[in-house]
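Participant: Got a structure for you, written out below as structure tokens; questions coming shortly.
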């Protein structure tokens, strides 16, 4: 089996590193300096338990997505492609996934926000697309990928169908890699629940400049997070998503506890001067709220504040 990882950032790096311990062939698709470093130096992965794994560049094939068309020997060569890039890169990565996947190959989005799997399905077809989320925690710096918390990878079909033989084979490889795969019969609901957590944690911790655990220690931050989460939950319910049995505070407390030492991806982006995914998180909640008649003032405010932080260097 050959698996492609499109977007080798924090989560993409965890996938690439963990899958390196299996017997599958790997294709790493990155760009610019990141692609150059992967092809010349390989990948350094700091595991949650402490050991450091240096994965040589020969373990995977690297393709720089900015270098031109996909080479012929990589076209139609992959059984699965994990889309791990930033939300604003989905259209480009969907095109690359279409080029590298076999006719029966599957594309799986593990991105934050809504609509990514649907964008893949528009290009590849629903029968070749899986939605997904991950709760593995990671961050990246100049020394490598820091896998700071083990979680799981949950995937599911967009039409609630049972996993295919190829999908079961892929799940077996993920399990062998120690990535704890799960199958969801309602992946749309699963993605919505991940969005609820993201709008609670990411903007509040990013504006405050704190790790996730601070939400449990600072009551004012906790209230802001719960407020944003509750708004998003009302939008989900109005959109027909059944979260009636979900305890929002318990869920947020569990995630914040399990990821207490993590800097969320949005805070990492701000610290690195990169564009964040606020448009696909709070921005998506505001947009969907407008479509179903649910007001979302807290998410609108958080969206505006993060957007202001993004452009603040232009006003120095």
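Participant: How large, in Å, is the range 2-185 by the Kirkwood hydrodynamic radius built from its alpha-carbon pairs?
Facilitator: Details: mean 1/r = 0.0620 Å⁻¹.
By the Kirkwood definition, the hydrodynamic radius is 16.1 Å.
Participant: Further question: Could you give the C-alpha radius of gyration of the range 157-316 expressed as a fraction of 2.2 N^0.38 Å, taking N as the number of residues it contains? Present the calculation step by step, with values, prior to reporting the outcome.
Facilitator: Working: Rg = 17.1 Å, N = 160, 2.2 N^0.38 = 15.1 Å.
Dividing the Cα radius of gyration by 2.2 N^0.38 Å gives 1.13.
Participant: While we're looking at this one, here's another question. Need the full-extension length gain, residue 307 to residue 186, defined as separation in residues times 0.36 nm minus the C-alpha distance. One decimal, nm.
Facilitator: Additional length available on full extension: 40.4 nm.
Participant: Over all distinct Cα pairs, what is the inverse of the mean 1/r for the range 224-316, reported as the Kirkwood hydrodynamic radius in Å? Before the final figure, lay out each step's value.
Facilitator: Numbers: mean 1/r = 0.0688 Å⁻¹.
Result for the range 224-316 stands at 14.5 Å.
Participant: Taking the Kirkwood radius as the inverse of the mean 1/r across Cα pairs, report the Rg/Rh of the chain. Don't jump to the answer; show the numbers that get you there.
Facilitator: Working: Rg = 18.9 Å, Rh = 19.9 Å.
Radius of gyration over Kirkwood radius for the chain works out to 0.95.
Participant: Say R0 is 35 Å: what FRET efficiency, to the nearest 0.05, do residue 216 and residue 41 get from their beta-carbon distance?
Facilitator: Values: r = 38 Å, r/R0 = 1.09.
Computed FRET efficiency for residue 216 and residue 41 comes out at 0.40.
Participant: When the helix-only estimate is applied to the chain (DSSP H runs of n ≥ 4, each -39,500 (n - 2.57), divided by the residue count), what is the mean residue ellipticity at 222 nm, nearest 500 deg cm²/dmol? Can you show the working numbers first?
Facilitator: Values: 12 runs with 143 residues, N = 316.
Only helices count here, giving -14000 deg cm²/dmol.
Participant: Note the full-extension length gain between residue 168 and residue 223 as 0.36 nm times their separation in residues minus their Cα-Cα distance, in nm to one decimal.
Facilitator: Numbers: separation 55, 0.36 × 55 = 19.80 nm, distance 4.13 nm.
This chain segment gains 15.7 nm when fully extended.
Participant: Compute the separation of the alpha-carbon centres of the range 1-26 and the range 116-160 and state it in Å as a whole number.
Facilitator: So the separation of the two Cα centres works out to 12 Å.
Participant: Hey, another quick one. Write down the Kirkwood hydrodynamic radius of the range 47-146, to one decimal in angstroms, obtained as one divided by the mean of 1/r over all alpha carbon pairs. Can you show the working numbers first?
Facilitator: Details: mean 1/r = 0.0664 Å⁻¹.
About 15.1 Å for the range 47-146.
Participant: Next question. Within a 10 angstrom radius of the beta carbon, how do 194, 102 rank from fewest other beta carbons to most? Mind dumping the intermediate values first?
Facilitator: On the way: 194 20, 102 15.
The fewest-first ordering by Cβ neighbours comes to 102, 194.
Participant: Sort 5-13, 217-225 for me by packing, meaning the mean count of neighbouring Cβ atoms within 10 Å per residue, highest on top.
Facilitator: Going by the mean number of other Cβ atoms within 10 Å, highest first, we get 5-13, 217-225.
Participant: Could you work out the relative contact order of the range 189-310? I mean the mean sequence separation of Cα pairs under 8 Å and 6+ apart, divided by the number of residues, in percent. The partial results should precede the final answer.
Facilitator: Working: 152 pairs, mean separation 41.9, N = 122.
For the range 189-310, the relative contact order is 34 percent.
Participant: Here is a follow-up. Given N residues in the range 76-217, what is its alpha carbon radius of gyration divided by 2.2 N^0.38 Å? Can you show the working numbers first?
Facilitator: On the way: Rg = 15.8 Å, N = 142, 2.2 N^0.38 = 14.5 Å.
Taking N as the residue count of the range 76-217, the ratio is 1.09.
Participant: Stretched out fully, how many nm does the piece from residue 271 to residue 243 gain, at 0.36 nm a residue minus the Cα gap?
Facilitator: Extra length from residue 271 to residue 243 when fully extended: 6.7 nm.
Rule-based calculations on the coordinates, nothing more; no lab input. Note that the coordinates shown come from a computational prediction; the quantities given were computed from them, not determined experimentally. A quick note on method: Cβ atoms are made from the backbone with ideal geometry, for glycine too, and the neighbour counts reach across all protein chains shown.
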